[in-house]
Structure formats: structure tokens, C-alpha cells
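The values are calculated or read from the model by the stated rules, or taken from the named source; none is laboratory data. Only a predicted model underlies this, so the values are computations on that prediction, with no experimental measurement involved. Positions of Cβ are generated from backbone atoms using ideal geometry, with glycine treated the same way; all protein chains shown enter the neighbour counts. Areas reflect the complete protein model, heavy atoms only, side chains present, ligands, DNA and RNA absent. Shrake-Rupley method; radii C 1.70, N 1.55, O 1.52, S 1.80 Å.
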Amino acid sequence: MELRTLGTTDIQISPILMGTWQAGKEMWTGIDDSETTKAMRVAYDAGITTFDTAEAYGKGHSERILGRALSDVRDKVVYATKVFANHLKYDQVIQACERSLKNLNTDIIDLYQIHWPSGVWGLKKVPIEETLRALIELKQQGKIRAIGVSNFSRDQLAEAARYGPIVNLQPPYSLFWRHVEADARPYCVENDITILAYSPMAQGLLTGKFGPDHRFESGDHRAGNKLFQPQNFQRIQQALDRLRPLAEKHGCTLGQLALAWVIAQPNTCAIAGARNAQQAAENAAAAKIKLSTQDLAEMDAIGRTVTDHLDKDPVMWKF
Ligand SMILES: NC(=O)c1ccc[n+]([C@@H]2O[C@H](COP(=O)([O-])OP(=O)(O)OC[C@H]3O[C@@H](n4cnc5c(N)ncnc54)[C@H](OP(=O)(O)O)[C@@H]3O)[C@@H](O)[C@H]2O)c1
């Protein structure tokens, strides 16, 4: 897979990253440790060098699985993890980083991201300056290589950047969820900040595998995803029907087409979540698909038949 440069750093990342929220098990159902471990190995063998995790994914379980799965190739992979919004005070950031280093079985985290801005989910507000002070110190100590943010608006990103170099933004971004385009993307492009798009297959919807009557098992957080609500379903199924001929033309699956679209956007790589080896391999192969300007324009128009009807709230879930 042809690597890309992460923001203003000298870190090389794969355009398709593997997302490992699933490996944390919490908020998903039917996840098996041996399957997620195998998925990580298969992703690596298929050319994915960059892995996204978080302390919040199963209270470190995802980080621990990742640290074990790739320990023998640690020097060939990039670990991106995150500090959660309940650990943004100076001491908490330092401690969270130490825990993540241990979980990941490494002495340096390549990319350390603030998972959500302070004050979300009713959590306590911490001045961004304080959080950045801790992150910069960790960088100076050689415990992290680069600093990033996730779920920040343009204004929050610009404010954070006043206190230290921010190399990436990790927003929700897919053909069916495009709030970042109008908000933070111009700022990212202007300032060479990489967009690492999460939920690039709209949590599985863009693979076309969920029919209109799909019900998630209890414990699967996707029941709270706004895109899975009945009022969006008809438009989504119609959009998928219009995407199918394009997937056929490229000899790929709908999920691969969705990933190819994301990585063709300015400054953007895709974090593809996978629960097993088959999904990981299929997702990695999407990096080979080359969409023409006309394909991209067609997909853009199809995506808008869904996104034009969504409200302005950039958060994808209603819990
Ligand atoms: N920063 C944040 O706040 C944040 C939020 C969300 C996600 N993330 C990160 O982004 C990653 C990806 O996001 P996501 O998992 O929410 O969404 P996603 O990547 O759009 O979708 C992942 C889901 O799609 C299905 N899938 C994936 N590959 C498939 C394939 N080849 N064939 C068929 N189905 C396939 C699987 O569903 P089934 O499980 O039903 O098989 C999988 O769980 C996460 O793992 C995490 O690392 C970050």
C-alpha cells in the first residue's frame, strides 16, 4: 500500500488504517479475541501499517490485544491511540499515557489523540491549554511522537493549535456523514492537518449488508446511530442501489467503494473498523481502487441524497 505522510510529521501512515474499537468488545456484540487478533495480523500482511485504538475501547482491552498481536513487528507499524474526555487534566493525561504505553507494550505512542473535546457527555471542562501542556511534555520526553484531536469542531481545533502542533483531526466521515466538509476540512487542508475519517463505512451501512428491518442485538451501540433510524432508511437503501453499478464497474464490494471514496478526499485517510480477518483483508484491498473524477462526482451526488436530510449535529449517535 502506498504510504502517506501524517500532517506535518515525518510519520508515514497507510491510507486505510485498521480501526480496533471492535477489539475492545464493549458496545459491540459477538466479538472474539482470537478473531480480532487474527484480523490485525491479516491487516498488517495486507499492507495496513497504521492501527487506531483508544484507552476507552474496552478499558484498554483493544490496546492490549493490539500490543500483543503486533509486538514482533512493532517497529514497522504506527500506533494511534487516544486519551478519553474524562482524563484531560494535566496529571490524568500523564497517567493515561503511561497506561496506554503499558497496554500497547511499547515505549512510544506514534500518535496520541484527544478522543473528545472536554465537557462532552456531561464530563467536567478542562482548559485545552492544560491538556496540551501535558501532551507537549509527553512529546518532549519521547513518550509520544505526535499530537492529534478527535471530534473537535473547526473552532476547537484552531484553539487547540494555539497551544501546540496538532497533526490530525479524527472526525466521523463517510459518504453518508459529511459534516466535516463544511466545518473543519478547509482549516485542515490549509494547515496540513490529516483527516483520519472514522466510521468510513457508516458503521457497516455502506457495505449494504443491513436490510431495512435490521435490528441490532442488545449491547450493540449502533442501535443509537442516527443513520440506522427508520426515517433515513429508505433514502439509504435507494442510495446503495445507485452505488451498486459503480461497485460492479470497479469489480469491488460496496464497502470497498465507500472506502475508496473517503481516501480520495483531500488530506483524508480512512479508519476501517473490522471484527474479523475477512473484513480486514477486504478493507485493505480498497486502497487499490482508483476512482475517476466522474465516479467521485457521481458518488458525491448520491451521498447527498442522504446527507441533505440530516440535521447539523455532527455527533452520529443519540444515546
Ligand atoms: N474517535 C472516535 O470518536 C471514533 C468513533 C468511532 C470509531 N472510531 C474509530 O474508527 C474505527 C472505524 O469506525 P467504526 O467501526 O465505527 O465504523 P466503520 O469502520 O464504518 O464500520 C465498521 C463495521 O462495518 C462492518 N464491516 C467492516 N468491514 C466490513 C467488510 N469488509 N464487510 C462487511 N462488513 C464490514 C462491520 O460490521 P459488523 O460488526 O456488523 O460485522 C464493522 O464492525 C473504529 O474501529 C475506531 O477505531 C473512532
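Scanning region 87-123 for residues that are in contact (Cβ under 8 Å) with a residue 12 or more places away in the chain and under 19 Å from residue 153 (Cα atoms) returns 88, 112, 113, 114, 115, 116, 117, 118, 119, 120, 121, 123.
Taking the conditions (1) surrounded by fewer than 23 Cβ atoms within 10 Å (Cβ to Cβ); (2) outside any helix (DSSP H, G or I) in turn, residue 81 satisfies each one other than (1). The helices (runs of 4 or more DSSP H) found entirely in region 200-319 that carry 3 or more residues being open to solvent by 10 Å² or more (accessible area, probe 1.4 Å), in contact (Cβ under 8 Å) with a residue 40 or more places away in the chain and more than 13 Å from the ligand (Cβ to nearest atom) are 230-250, 293-307.
Considering only residues of region 180-199 that are assigned to a helix (DSSP H, G or I) and touching a Leu at 6+ places or on another chain (Cβ under 8 Å), which is farthest from the ligand (Cβ to nearest atom)? Steps first, answer last, please.
Let us first name the residues in region 180-199 that are assigned to a helix (DSSP H, G or I), namely 180-182, 185-190.
Checking the rest, the ones that are also touching a Leu at 6+ places or on another chain (Cβ under 8 Å) come to 180, 187-188.
Working: 180: 12, 187: 18, 188: 15 Å.
If we take residues in region 180-199 being assigned to a helix (DSSP H, G or I) and touching a Leu at 6+ places or on another chain (Cβ under 8 Å), then 187 is farthest from the ligand (Cβ to nearest atom).
Being of a type in the set (Val, Ile, Thr) and either on the phi > 0 side of the Ramachandran plot or crowded, with 23+ Cβ neighbours inside 10 Å (or both) is the filter here; which residues of region 136-161 pass it?
As a first pass, look at region 136-161 and keep what is of a type in the set (Val, Ile, Thr): 136, 144, 147, 149.
Scanning region 136-161 gives 144, 147, 149.
Do we have any residue at all in region 126-135 that's surrounded by 15 or more Cβ atoms within 10 Å (Cβ to Cβ), assigned to a loop (DSSP other than H, G, I, E, B), at pLDDT 95 or above and within 14 Å of the ligand (Cβ to nearest atom)? Within region 126-135 (the criterion being surrounded by 15 or more Cβ atoms within 10 Å (Cβ to Cβ), assigned to a loop (DSSP other than H, G, I, E, B), at pLDDT 95 or above and within 14 Å of the ligand (Cβ to nearest atom)), the answer is no, since none of the residues qualifies. The number of residues in region 97-107 being open to solvent by less than 40 Å² (accessible area, probe 1.4 Å) and either of a type in the set (Ser, Thr, Tyr) or assigned to a helix (DSSP H, G or I) (or both) comes to 5.
Which of the residues spanning region 223-255 are of a type in the set (D, E, K, R) and more than 16 Å from residue 173 (Cα to Cα)? Answer for region 223-255, where residues must be of a type in the set (D, E, K, R) and more than 16 Å from residue 173 (Cα to Cα): 235, 241, 242, 244, 248, 249.
Residue under question is residue 164, and the condition is that it be more than 30 Å from residue 306 (Cβ to Cβ), open to solvent by less than 20 Å² (accessible area, probe 1.4 Å) and either of a type in the set (Asp, Glu) or assigned to a loop (DSSP other than H, G, I, E, B) (or both); does it hold? Considered against the rule, which asks whether it is more than 30 Å from residue 306 (Cβ to Cβ), open to solvent by less than 20 Å² (accessible area, probe 1.4 Å) and either of a type in the set (Asp, Glu) or assigned to a loop (DSSP other than H, G, I, E, B) (or both), residue 164 comes out as yes. Taken together, 94, 65 contain a single residue that is surrounded by fewer than 23 Cβ atoms within 10 Å (Cβ to Cβ) and part of a helix (DSSP H, G or I), which is 94. Of all the residues in region 1-24, those that are in contact with a strand residue (DSSP E or B) (Cβ under 7 Å, 6 or more places away or on another chain) and charged (D, E, K, R) number 1. Residues being open to solvent by 20 Å² or more (accessible area, probe 1.4 Å) and either among the β-branched types (Val, Ile, Thr) or closer than 18 Å to residue 197 by Cα (or both): count how many of those fall in region 23-50. Of the residues in region 23-50, 5 are open to solvent by 20 Å² or more (accessible area, probe 1.4 Å) and either among the β-branched types (Val, Ile, Thr) or closer than 18 Å to residue 197 by Cα (or both). All of (1) assigned to a loop (DSSP other than H, G, I, E, B); (2) within 17 Å of residue 60 (Cβ to Cβ); (3) within 16 Å of the ligand (Cβ to nearest atom) hold for residue 117 with one exception: (2).
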